[in-house]
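The structure under discussion appears below in the form of structure tokens.
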Amino acid sequence: MTPTRRTLLAAGLAAPAILRFGLGAAQAATTLKISHQFPGGTIDEGDFRDRMCRKFAKAVTERSKGALEVQVYPGSSLMKTNAQFGAMRKGALDMSLYPSPYAGGEVPETNIGLMPALVTSYQQALAWKAAPVGRKLTEILEAKGIVLVSWVWQAGGVASRERPLVTPDDARGLKVRGGSREMDLMMKQAGAATLSIPSNESYAAMQTGACDAVITSSTSLISFRLEELSKALTSGRERSYWFMLEPIMMSKIVFERLPKDSQDLIMAVGAELESFGQEGAKADDTRVEELFAKAGAKVQNLDEPTMGRWRTIARDTAWKDYANKSATCAELLKLAEQVA
């Protein structure tokens, strides 16, 4: 046997050992893709939801020492907005920062995440995760193939093309985007017509006149540049009937394929980033007022009597409709009402 052949043979025999020991991390590397509908930026600038996904990606990649690589796809560039939830359930999409009520067509229980006037403060919202309502919602979603990785809540406001939408009386005759079936029920009872579109389609709807007022998170009001089309803003900074659960979700199929240490890392990083998400949401509640005022819009906040009027309508319409959907929905609503 020639030296060259002996060398090649030795290398060949050694190859499995190298793969098993020297390149084990490289061989085990898994790429996870996070899709979301919001504008892309950098880890330091832009929509905080995109930044949160990028911070998640960086932390998981670094702390797994490359065993997990996480890639972020903003602006629905990987997949259309409304398709993301179903794709996660099937294992066709790994992760998404996804507005929970967008999933209501497949899992009606998720509409509890944008139930008008049910959650009215960040303190109340943040208590959900550890409370019975949060544990029940987590259980329901896991049964439907979704793992909740990072809880984020956002307050919302109303951007109006012409006249302000502050009180229920103001809604009459307006075409309003509310963000969920339950929001639409409340608005219809107040006399508005409604349209169902994801928030990333709000600008076009207002621009064409298909929509007179958009109710969405403060961050989306900013990121989708609605101040360019609005003469009025009803801010959610002081109080709001619009609080949305907008968590980072993961496909349970994909999650369960990962080793236990990778699962633990993903959940740990998700929990650590929740404070960043809430700080970002609160900061945008103030920033949106400044942005709209600078653009010439009239900015108003809700007072407590007005909140009470909206809550009464919500109880008689949205809450009742939701509770009548199923025993599970009724249970979730009852548990949510226990969180003060």
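Observations on the structure shown:
- The packing ranking, built from the mean of other Cβ atoms within 10 Å per residue, places the peptides 255-261, 67-73, 272-278 in the order 67-73, 272-278, 255-261, highest first.
- For Lys58, the lysines whose Cα falls under 25 Å of its own Cα, not counting residues fewer than eight places away in the same chain, are Lys33, Lys80, Lys129, Lys252, Lys260, Lys282.
- From helices alone, the chain scores -12500 deg cm²/dmol at 222 nm; the rule is -39500 (n - 2.57) for each run of n ≥ 4 DSSP H residues, then divide by the residue total.
- Angle in degrees between helix 48-63 and the longest Cα principal axis of the chain, rounded to the nearest 10: 20 degrees
- D_trans [Stokes-Einstein, Kirkwood Rh over alpha-carbon pairs] for the chain, 4 °C, 1.567 mPa s, µm² s⁻¹: 61 µm²/s
- The mean accessible area for residues of the chain, using a 1.4 Å probe and ignoring ligands and nucleic acids, is 43 Å² per residue.
- Contact order relative to length of region 186-340, as percent, for alpha carbon pairs under 8 angstrom and 6 or more apart: 31 percent
- Global dimensions of region 45-190 from alpha-carbon coordinates: Rg and Dmax equal 17.5, 57 Å.
- Which listed pairs, of Lys90/Lys136; Lys231/Lys294; Lys90/Lys144, have C-alpha distances above 20 Å, in listed order: Lys90/Lys136
- Once the Cα gyration tensor of region 89-128 is diagonalised, semi-axes √(5λ) in Å: 24, 13, 7
- Nonpolar atom fraction for region 180-295, defined as the carbon and sulfur part of the 1.4 Å probe accessible area, stands at 48 percent.
- On the principal axes of its alpha-carbon atoms, region 203-293 has extents of 52, 28, 21 Å, going from largest to smallest.
- Cα-based equivalent ellipsoid of region 156-225: semi-axis lengths in Å, sorted from largest, via gyration tensor: 17, 12, 11
- Share of carbon and sulfur in the accessible heavy-atom surface of region 300-340 [1.4 Å probe, %]: 49 percent
- Dividing the Cα radius of gyration of region 246-340 by 2.2 N^0.38 Å, with N the residue count, gives 1.59.
- Relative contact order %, region 45-102, counting alpha carbon pairs below 8 Å whose residues are six or more apart: 24 percent
- Seen against the Cα atoms of the chain and their longest principal axis, helix 274-294 is set at about 40 degrees.
- Descending by average beta-carbon neighbour count within 10 Å, the peptides 281-292, 208-219 line up as 208-219, 281-292, the highest first.
- Contact order normalised by residue count of the chain, Cα under 8 Å, 6+ apart, percent: 22 percent
- For region 136-273: Kirkwood Rh in Å [reciprocal of mean 1/r, alpha carbons]: 16.6 Å
- Between amide H atoms placed 1.01 Å from N, distances below 5 Å from Val299 occur with Leu233, all of them 5 or more places distant or on a separate chain.
- Taking trypsin sites (Lys or Arg not before Pro) across region 164-200, the ones in a DSSP loop with at most 16 further Cβ atoms lying within 10 angstrom of their Cβ are Arg172.
- Against the chain, whose longest principal axis is taken from its Cα atoms, helix 327-337 shows a tilt of about 70°.
- Panel values: region 118-192, Kirkwood radius from alpha carbon pairs, Stokes-Einstein at 20 °C and 1.002 mPa s, translational diffusion coefficient 144 µm²/s.
- Taking amide H as placed 1.01 Å from N in the peptide plane, the amide H of Ile34 sits under 5 Å from that of Gln71, Val72, Tyr73, each at least 5 places away or on another chain.
- Cα-based reach from Lys325 at 16 Å (exclusive), listing lysines while leaving out same-chain residues under 8 positions away: Lys334
The values are calculated or read from the model by the stated rules, or taken from the named source; none is laboratory data. Note that the structure is predicted; figures quoted are calculated from it, not measured. Positions of Cβ are backbone-derived with ideal geometry, glycine not excepted, and every protein chain shown enters the neighbour counts. Remember, those area values only see protein heavy atoms, side chains included, never the ligands or the DNA or RNA. Shrake-Rupley method; radii C 1.70, N 1.55, O 1.52, S 1.80 Å.
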